[in-house]
Amino acid sequence: MNEPHVFGLARSVAHHFSKLPCDSLCLIEGLGVEGDAHAGVTVQHLSRIKQDPDQPNLRQVHLIHAELLDNLVEHGYVLAPGALGENVTTRGIDLLALHEGTRLHIGEAVIRVTGLRNPCRQIDDFMPGLLKHMIEKRADGSLNRKCGVMAVVEHGGEIAVGAPIRIEEPAGPRRRLEPV
């Protein structure tokens with residue numbers, strides 16, 4: 001299957017680093033993944049709640065490209081979908097090249113990309129040495145964060161492993177993704 005599609009799905013009812021694989025998810029408009037600890041109108045990530053519990057939740061759905069997992073095997077890390085805390089593992093999409101506001105149509109659902117996941121030290125707590133493969137320093141000194149993107153649910157619905165993904169670029173000027 002060369003077309004963009006869902007390679008894996010995962011969720012966790014508790015705030016664990018990894019999420020448990022599943023065959024389908026129900027996305028709820030304005031909230032996120034049903035039954036996932038990060039679902040909510042306001043921020044649900046524990047470190048961000050401490051900063052400002054009333055900030056909007058721009059991290060309702062976490063997506064990682066399966067190609068990253070493929071690359072990590074070359075460095076000795078074998079990871080299944082959900083291991084890095086993502087809800088949706090994609091194949092056939094360069095997630096990191098998407099623009100802010102890009103809509104992904106998956107099954108009945110539509111999610112809008114809000115920004116990059118900012119890899120943190122918890123990745124090394126999970127697997128020592130893994131963090132250095134999630135962040136690269138570019139020649140200009142900027143950082144290339146490779147640990148996926150975050151999105152919000154604009155239209156809810158069921159999504160399943162194998163579902164095709166249609167990409168809808170935002171209208172107007174394109175903005176590069178920044179960490180959220």
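The values are calculated or read from the model by the stated rules, or taken from the named source; none is laboratory data. Source: prediction; values computed, not measured. Reconstructed Cβ throughout: ideal geometry from the backbone, glycine too, with neighbour counts over all protein chains shown. Ligands, DNA and RNA are stripped out before the accessible areas are found, and what is left, the full protein with its side chains, is counted by its heavy atoms. Shrake-Rupley method; radii C 1.70, N 1.55, O 1.52, S 1.80 Å.
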If we ask which residues in segment 55-67 are closer than 21 Å to Ile135 by Cβ and open to solvent by 50 Å² or more (accessible area, probe 1.4 Å), their number turns out to be 2
Check Asp36, Asp52, Asp70 and return the single one that is of a type in the set (Asp, Glu), farther than 20 Å from Leu177 by Cβ and surrounded by 15 or more Cβ atoms within 10 Å (Cβ to Cβ).
Asp36
Got a number for residues in segment 113-142 being open to solvent by less than 50 Å² (accessible area, probe 1.4 Å), in contact with a strand residue (DSSP E or B) (Cβ under 9 Å, 6 or more places away or on another chain) and in contact (Cβ under 8 Å) with a residue 40 or more places away in the chain?
5
Look at Ile64 and say whether it is in contact (Cβ under 8 Å) with a residue 12 or more places away in the chain, out of contact with any His (no Cβ under 8 Å at 6 or more places or on another chain) and more than 27 Å from Asn144 (Cβ to Cβ).
no
Take segment 12-30 and flag every residue that is surrounded by 13 or more Cβ atoms within 10 Å (Cβ to Cβ), within 14 Å of Val61 (Cα to Cα) and among the hydrophobic types (A, V, I, L, M, F, W, C).
Leu25, Cys26, Leu27, Ile28
For segment 40-47, check the following and say yes or no: at least one residue is in a strand (DSSP E or B), open to solvent by 50 Å² or more (accessible area, probe 1.4 Å) and of a type outside the set (Ser, Thr, Tyr).
no
Residue, most open to solvent (accessible area, probe 1.4 Å), within segment 88-103, restricted to residues that are under 11 Å from the mean Cα position of the chain (by Cα) and closer than 16 Å to Pro179 by Cβ:
Leu96
So, in segment 143-157, how many residues would count as being surrounded by 12 or more Cβ atoms within 10 Å (Cβ to Cβ) and more than 15 Å from Gln60 (Cα to Cα)?
4
Take the residues in segment 161-180 that are of a type in the set (A, V, I, L, M) and open to solvent by less than 40 Å² (accessible area, probe 1.4 Å); name whichever of them is farthest from the chain's Cα centre (by Cα).
Ala163
Taking segment 43-60 and keeping only residues that are polar (S, T, N, Q) and either closer than 18 Å to Phe17 by Cα or at pLDDT 90 or above (or both), one is left with Gln44, Ser47, Gln55, Asn57, Gln60
Going by the structure shown, is Ile106 surrounded by fewer than 22 Cβ atoms within 10 Å (Cβ to Cβ), β-branched (Val, Ile, Thr) and closer than 24 Å to Ser12 by Cα?
no
